[in-house]
Amino acid sequence: MAATVCATATAVGVSAPAQAAPQCNFTRTVCLFDATGYSGNRLTLTSLTPGGTCVSLLAAGWGGRARSALNTGTTSAALFANDNCVGGPLQIPPGGGVSNLGSFAADSVWVP
């Protein structure tokens, strides 16, 4: 079941998301998946704030769950290992994705 959170949301193994378009065919959106390869359950995040906002994945019930991520926005999104978008980010490039987050456990995301 896909969940949608309206809010605002960096990269090891960056890959183009062309093959994953049906899984995240929204504009200005960050889609997180609980399996690698842009599969499994999806959390969809869109910013309602100009310039973006930080979303707590802990509050959304997704702390440490994301295993892959897509960014359909025109600016970079970023995952953070801590809540409140604190610490070194893992970038998700504009129009790109990370098909395997490896051991990175995200607890917050900056949605542009």
Worksheet item: Of everything in the range 100-112 that's over 10 Å from the mean Cα position of the chain (by Cα) and modelled with pLDDT of 95 or more, which residue is surrounded by the fewest Cβ atoms within 10 Å (Cβ to Cβ)?
Response: 103
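Can you pull out every residue in the range 44-70 that is in a loop (DSSP other than H, G, I, E, B), aliphatic (A, V, I, L, M) and buried (at least 17 other Cβ atoms within 10 Å of the Cβ)? Please lay out each step first, then the result.
Here is the first cut: in the range 44-70, the ones in a loop (DSSP other than H, G, I, E, B) are 47-52, 57-67.
Retained after the next criterion (residues that are aliphatic (A, V, I, L, M)): 48, 57-60, 66.
Once the filter is applied, which keeps residues that are in a loop (DSSP other than H, G, I, E, B), aliphatic (A, V, I, L, M) and buried (at least 17 other Cβ atoms within 10 Å of the Cβ), the range 44-70 yields 57, 60, 66.
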Discussion item. Checking residue 27 against (1) closer than 15 Å to residue 111 by Cα; (2) surrounded by 15 or more Cβ atoms within 10 Å (Cβ to Cβ), only one condition comes out false. Which one?
Written reply: (2)
Discussion item. For the structure I just gave you, tell me whether residue 73 is outside any strand (DSSP E or B) and either buried (at least 20 other Cβ atoms within 10 Å of the Cβ) or in contact with a Pro (Cβ under 6 Å, 6 or more places away or on another chain) (or both).
Written reply: yes
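The values are calculated or read from the model by the stated rules, or taken from the named source; none is laboratory data. Keep in mind that this is a model prediction, so the values were computed, not measured. Cβ: placed from backbone, ideal geometry, glycine included. Neighbour counts: every protein chain shown.
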